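No value in this document is a laboratory result; all are computed from the given coordinates. All values derive from a computational prediction rather than experimental measurement. Cβ placement follows ideal geometry from the backbone for every residue including glycine, while neighbour counts extend to all protein chains displayed.
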Amino acid sequence: MIILNEDKESPFHWLQSINNQNLSFIVINPFEIFSDYDILLPQTAINKLKIEKEEDINIYTIVVIPTDMKKMTTNLLGPIVINTKERLGKQVILDDERYTTKHFIFNQDSKVGGE
């Protein structure tokens, strides 16, 4: 997988498979949209991704864009963590009740019910 962003002004990026051109996800850096987003990575994820320094990682969340773009959501509970130094990445499921799999992007104070 690689991260693509042709429009440097846009917060949206593509997480693109290098093995399958038809497999990609729209992702964002959640810290750019949610100023209060704060996560604690589990030690198992830190070990698996060989993370030594915070500066070596990038964090993205997957975006879902429905027909009504005002209802666009992102998965803050399952960020994608990439160790850029080691070229390793994985989706990490957080143990944090503040976040769900569906947070509205345009209305940052609300969540989609039940998830």
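Annotations
- Summed over the stretch 72-91, the residues that are free of Cβ contacts under 8 Å to residues at least 40 places away in the same chain and not aliphatic (A, V, I, L, M) give a count of 9.
- Selection of the stretch 89-103 for residues being touching a Leu at 6+ places or on another chain (Cβ under 8 Å), closer than 18 Å to F34 by Cβ and surrounded by 15 or more Cβ atoms within 10 Å (Cβ to Cβ) yields V92, L94, Y99, T100, T101, H103.
- The single condition from (1) among the acidic types (D, E); (2) closer than 17 Å to P30 by Cα; (3) surrounded by 13 or more Cβ atoms within 10 Å (Cβ to Cβ) that E86 fails is (2).
- In the stretch 62-74, the count of residues that are among the basic types (K, R), part of a helix (DSSP H, G or I), surrounded by 13 or more Cβ atoms within 10 Å (Cβ to Cβ) and out of contact with any Pro (no Cβ under 9 Å at 6 or more places or on another chain) is one or more.
- Some residue of the stretch 52-63 being touching a Gly at 6+ places or on another chain (Cβ under 8 Å) and in contact (Cβ under 8 Å) with a residue 24 or more places away in the chain: yes
- Candidates I26, I39, I51, I46, filtered to the one that is surrounded by 10 or more Cβ atoms within 10 Å (Cβ to Cβ) and in contact with a Phe, Trp or Tyr (Cβ under 7 Å, 6 or more places away or on another chain): I26
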